[in-house]
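This report concerns only the one structure given below.
Readers should treat all values here as calculations from the given coordinates under stated rules, not as data from a laboratory. Treat the numbers as computed from the prediction; the structure is a model and nothing was measured. Heads up, the Cβs are rebuilt from the backbone with ideal geometry, glycines too, and the neighbour counts pull from every protein chain shown.
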Amino acid sequence: MYLKCNHGVTAYDDYGQAVCPICGCRETATPDLTGRIARCDDCGRESPSSVNLPFFRWRPELEYDSYYCGCRGWD
C-alpha cells in the first residue's frame, strides 16, 4: 500500500487507517512499478523499484524513483 502523497505507509491513526506522518495524507494508491528503477539519493546506486526498499519514494513524475541503499551507514 502506498499513499497518494508518494510516501509509503509508515503510520496509522487510532482507528487503524494509514496516515502519512510527514504531510497528513490519508488517501491510498497502488503504484505500478513495472519496469521502474529507483536510485539512491546519495550515491546513485540503482535497483528495481519496490515499496520494500528502504526509504523508497515513488516519483511517477520523474524518470527514477528514489530510495536509500545504506551507502552512508545506518546509524
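Odds and ends about this structure:
- Semi-axis lengths (Å, descending) of the ellipsoid that matches the C-alpha gyration tensor of the chain: 23, 15, 9
- Whole-number percent relative contact order across the chain, with pairs defined as alpha carbons under 8 Å at least 6 apart: 25 percent
- Isolated cysteines of the chain, defined as having no other cysteine beta carbon under 4.7 Å away, are Cys23.
- Cβ charges +1 (Lys, Arg) and -1 (Asp, Glu), total dipole of the chain, debye: 100 debye
- Take the Kirkwood radius over Cα pairs of the range 32-75, plug it into Stokes-Einstein at 25 °C and 0.890 mPa s, and you get 237 µm²/s for translational diffusion.
- Shown is the FRET efficiency for Arg26 and Arg59, computed with R0 = 25 Å from the Cβ-Cβ distance and rounded to the nearest 0.05: 0.80.
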